[in-house]
Amino acid sequence: MVNYIVSGLERSGTSMMMQILYLGGMKVAFDHKRKPDEHNPKGYFELEGGKIINRLMDGSFPIEKYDDMVIKVTAYGLKFLPKGNYKIIYMLRDLDEIMASMSKMIGEKLGEEDKKAFDKLNKYALKLLEERGDIDYITVRYDKVIENPRREIERINNFLGGILDVEAAIKAVDPSLYRNRKEVKR
Amino acid sequence: MVEDKKYTTVSIPTPLFKKIEERIKGTGFTSVSSYVTYVLREIIAEDEESEEAFSKEDEERVKERLRALGYLD
């Protein structure tokens, strides 16, 4: 049994990665409780209407039902993953961009303390991935996927053992959805 | 430009110095200075680690934001 998981901080490109895997032919588990909106026009690709973390926290999420399937569990939820056999794609994105995107979604500007807390969560999650013996993982940078989808998807496909239809998966990458992009001063 | 010195001097009470001298006898520490440097490095590393750690306070802040984002009840 193996559970495939897409993870990362919220707004780090996890929905895009779910779509990549979906178009690439993997069995992706999600429901339609949370509808696509302006923040995620192509959908969230989540279970439990996005609130899978609650079910993982109380131990009621039946992860064994999702054998050989991809589910999305954002970074904080990794803390509550039961013992298993996982292959995890962990998304990374510039933290300022994540904060900007979260601020828009919440309708409130997140501050430095929020940024620090999410930075620590990110580091905590990466340490957990490194330390748990039942997890095999790869990190994927959101901006690199936008910059060179083929190269990154081939790298992911290699990690997954060559089960993706790379040509189909590439179609999920829509650079126009890379909003909240941090301006780089030259 | 003057280069920074690699070492500087700090003062500690003489009785403490003598206690450390006794303590490091037969150990790998060749001087009181090397022992004190080792201990201070350990303390600083511990502090830095706890500053970096995902604390209960950080966790509560994250949970509050995840609720607002619709990821937690």
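Using a probe radius of 1.4 angstrom, the carbon and sulfur fraction of the accessible surface of chain B is 53%. If R0 is taken as 41 Å, the Cβ-Cβ distance between A:Asp68 and B:Glu48 corresponds to a FRET efficiency of 0.45. Rounded to the nearest whole Å², what accessible area per residue is found for chain A with the 1.4 Å probe? Computed with neighbouring chains in place, this is 48 Å² per residue.
Using a 1.4 Å probe over the heavy atoms of the protein chains, calculate the carbon and sulfur portion of the accessible area of chain A as a whole percent.
On the way: 4310 of 8890 Å².
C and S atoms contribute 48 percent here.
What is the calculated FRET efficiency for A:Lys116 to A:Lys33, with r their C-beta to C-beta distance and R₀ = 22 Å, to the nearest 0.05?
Values: r = 32 Å, r/R0 = 1.43.
After rounding to 0.05, the efficiency reads 0.10.
Take each residue in A:116-124, count the other chain C-beta atoms within 10 Å of its C-beta, and the mean is 6. Our compactness index for the protein assembly as shown, the C-alpha radius of gyration over the empirical 2.2 N^0.38 Å, is 1.30.
Inverting the mean 1/r over all pairs of different Cα atoms, compute the Kirkwood radius of chain B and quote it in Å.
Working: mean 1/r = 0.0603 Å⁻¹.
Taking every pair of different Cα atoms in chain B, averaging 1/r and inverting gives 16.6 Å.
Surface analysis of the stretch B:14-69 yields an accessible area of 77 Å² per residue, using protein heavy atoms and a 1.4 Å probe. Using just the C-alpha positions of the stretch A:61-128 as equal point scatterers, what log10 of I(q)/I(0) does the Debye formula give at each q in 0.27, 0.28 1/Å? Calculated log10 I(q)/I(0) at the listed q: -1.26, -1.32.
Label point of A:Lys42 set 7 angstrom out along Cα-Cβ; within the stretch A:63-103, no amide nitrogen lies under 12 Å from it.
Measuring only protein heavy atoms, the 1.4 Å probe finds A:Val28 accessible over about 20 Å².
Please compute the length gained on full extension between A:Asn158 and A:Lys182, using 0.36 nm multiplied by the number of residues separating them and subtracting their Cα-Cα distance. Mind showing how you got there, number by number?
On the way: separation 24, 0.36 × 24 = 8.64 nm, distance 2.98 nm.
In short, 5.7 nm is gained.
Per DSSP helix of 4 or more residues, -39500 (n - 2.57); summed, then divided by the residues of chain A. What does that give at 222 nm, rounded to the nearest 500? List each step's numbers first, then the result.
Details: 7 runs with 71 residues, N = 186.
Result for chain A, helices only: -11500 deg cm²/dmol.
Within 10 Å of each Cβ of B:56-69, how many other protein chain Cβ atoms are there on average? Spell out each step's value before the answer.
On the way: counts 0, 2, 9, 6, 1, 8, 10, 3, 2, 12, 12, 2, 6, 9.
Mean partner shielding for this stretch: 6.
Contact with the other protein chains removes 40 Å² or more of accessible area, compared with the isolated chain and a 1.4 Å probe, from these residues of the stretch A:8-44: A:Glu10, A:Arg34. Counting, for every residue in A:94-106, the Cβ atoms of other protein chains within 10 Å of its Cβ and taking the mean gives 1. Association of chains A and B removes close to 2100 square angstrom of accessible area from solvent, both sides included, for a probe radius of 1.4 Å. The protection proxy used here, the mean number of other Cβ atoms lying within 10 Å of each residue, ranks peptides A:104-117, B:59-72, A:13-26, A:73-86 as follows, highest first: A:13-26, A:73-86, B:59-72, A:104-117.
Using only the Cα atoms of the stretch A:1-152, construct the convex hull and provide its projected area averaged over every direction, in square nanometres to one decimal. Let's see the in-between values first.
Details: hull surface 36.0 nm².
That works out to 9.0 nm², a quarter of the Cα hull's surface.
Backbone amide hydrogens, once placed in the peptide plane, bring A:Glu46 within less than 5 Å of A:Asp31, excluding anything fewer than 5 places away on its chain.
The values are calculated or read from the model by the stated rules, or taken from the named source; none is laboratory data. Quick caveat: nothing in here was measured; it's all calculated off a predicted structure. Virtual Cβ from ideal backbone geometry, glycine too; neighbours counted across all protein chains shown. These area figures cover heavy atoms from the full protein model, side chains too; ligands, DNA and RNA do not enter into them. Shrake-Rupley method; radii C 1.70, N 1.55, O 1.52, S 1.80 Å.
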